Amino acid sequence: MEAKQFTMKDEHFICEVCNEDVNPLGYTARDHCPKCLSSKHVDINPGDRRESCHGILKPIAIENFKNTYKIIYKCQKCSTIKKNIMAKDDNMDLIIDIMSNPVSINH
């Protein structure tokens, strides 16, 4: 299995779900909104911006990953499942809520 390539993209954006003005993280790539945790399906490999889908990635579950968490997403357009590492400034109340009420990945 080929390892995923990572392209550093730590960019400012306006969240298409909640309209939050999202600043770069400064320590790694910003890939989701810290307020609503939504993301956009724009990458095939992290940071490459080569995915043509551009659907909204909705957070559906949380999983333990090393000493942090990964947010599990399901694309609302194509149903692809993606995972992103939690950022330090993410909405912890929403993370806990998602952990308490995960959505099935198969639906």
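Determine which single condition Tyr73 fails, assuming it passes every other condition in (1) over 13 Å from the mean Cα position of the chain (by Cα); (2) among the hydroxyl-bearing types (Ser, Thr, Tyr); (3) assigned to a strand (DSSP E or B). Single failed check for Tyr73: (1). Output the residues belonging to region 66-75 that are among the polar types (S, T, N, Q) and either open to solvent by 40 Å² or more (accessible area, probe 1.4 Å) or in contact with an Asp or Glu (Cβ under 9 Å, 6 or more places away or on another chain) (or both). Answer for region 66-75, where residues must be among the polar types (S, T, N, Q) and either open to solvent by 40 Å² or more (accessible area, probe 1.4 Å) or in contact with an Asp or Glu (Cβ under 9 Å, 6 or more places away or on another chain) (or both): just Asn67. Does Cys78 satisfy the criteria of being open to solvent by 20 Å² or more (accessible area, probe 1.4 Å) and among the hydrophobic types (A, V, I, L, M, F, W, C)? Yes; evaluated as a whole, the condition is true for this residue. Taking the criterion of being in a loop (DSSP other than H, G, I, E, B), open to solvent by 30 Å² or more (accessible area, probe 1.4 Å), at pLDDT 95 or above and farther than 15 Å from Lys88 by Cα, the residues of region 17-48 that qualify are Val17, Cys18, Asn19, Glu20.
Just one of the listed residues (Glu63, Glu51) is more than 20 Å from Cys18 (Cβ to Cβ), open to solvent by 30 Å² or more (accessible area, probe 1.4 Å) and under 14 Å from the mean Cα position of the chain (by Cα), and it is Glu63.
The values are calculated or read from the model by the stated rules, or taken from the named source; none is laboratory data. The shown structure was predicted, so the numbers you read here are calculated from the model rather than taken from an experiment. A quick note on method: Cβ atoms are made from the backbone with ideal geometry, for glycine too, and the neighbour counts reach across all protein chains shown. Just so you know, the surface numbers come from the protein's heavy atoms only, side chains and all, with ligands and any DNA or RNA stripped out. Shrake-Rupley method; radii C 1.70, N 1.55, O 1.52, S 1.80 Å.
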